Amino acid sequence: MGPVPETRKERYERNFADLLQELRVAQTGVQILFAFLLTLPFSSGFERVTPFQKDVYVVALLAAAGAAAMLIAPVAYHRVLFQRGRKAELVWSAHRLASGGLVFMLVAMVSAVLLITDFILDRWVACLLSAVTGVWFVLLWLVLPLLRRDDRDQPEKKPTVE
């Protein structure tokens, strides 16, 4: 017995609910990182950072802010479009925002790793570890899912408003 067919509207409802669950996980991670980065300049050891480390800190902070904005944006988007019959557009836009938020989150996390490792290790080791971290995230977040994706089940390219 195959899966129960669903209407287009039911699929958009399910897709949006699934996306919100995914966003909850990502939001928590980026909010914790963002909070850590916001408090870092007020710690006693921050005055010992090098100009390079300050630059990396700013990149990490701004990337975390960008990630938080993009990962939270679908909630605001939903509030504006609530009960306007535009769930398809909402799902499509939320998907794009979540994808962009994950890119910013990747930059923030790799930058944070670089900042901390550069503070305690030689620069070349810090750069190497940060590069390995970035590659690891790209493998887990992009390459592996792309390898497992079945292109026979293509999603719609553009949302259809019902």
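The values are calculated or read from the model by the stated rules, or taken from the named source; none is laboratory data. No experiment lies behind these values; they were computed from the predicted model shown. When we count neighbours, we look across all protein chains shown, and the Cβ atoms used for this are built from the backbone with ideal geometry, even at glycine.
Take residue 80 and tell me if it is over 17 Å from the mean Cα position of the chain (by Cα) and either modelled with pLDDT of 85 or more or assigned to a helix (DSSP H, G or I) (or both).
yes
For residue 71, state whether it is touching a Leu at 6+ places or on another chain (Cβ under 6 Å), surrounded by 15 or more Cβ atoms within 10 Å (Cβ to Cβ) and closer than 30 Å to residue 121 by Cα.
For residue 71, the condition - touching a Leu at 6+ places or on another chain (Cβ under 6 Å), surrounded by 15 or more Cβ atoms within 10 Å (Cβ to Cβ) and closer than 30 Å to residue 121 by Cα - is not met.
Here is a list: 4, 30, 25, 49. Which entry is out of contact with any strand residue (DSSP E or B) (no Cβ under 9 Å at 6 or more places or on another chain) and over 30 Å from residue 118 (Cβ atoms)?
Residue meeting the stated conditions: 4.
Do we have residue 96 as free of Cβ contacts under 8 Å to residues at least 24 places away in the same chain, in a helix (DSSP H, G or I) and within 18 Å of the chain's Cα centre (by Cα) here?
yes
Output the residues belonging to the stretch 116-133 that are buried (at least 19 other Cβ atoms within 10 Å of the Cβ) and either closer than 16 Å to residue 30 by Cβ or of a type in the set (Asp, Glu) (or both).
118, the sole residue that qualifies.
Find all pairs meeting these conditions: Cβ atoms under 9 angstrom apart; at least six residues apart or on different chains; first residue within the stretch 122-150 and at negative phi; second residue part of a loop (DSSP other than H, G, I, E, B).
Note: pairs meeting the criteria are 129/121.
Here are some conditions: (1) out of contact with any Asp or Glu (no Cβ under 7 Å at 6 or more places or on another chain); (2) modelled with pLDDT of 95 or more. Residue 141 meets all but one. Which one does it not meet?
So residue 141 meets the others, but not (2).
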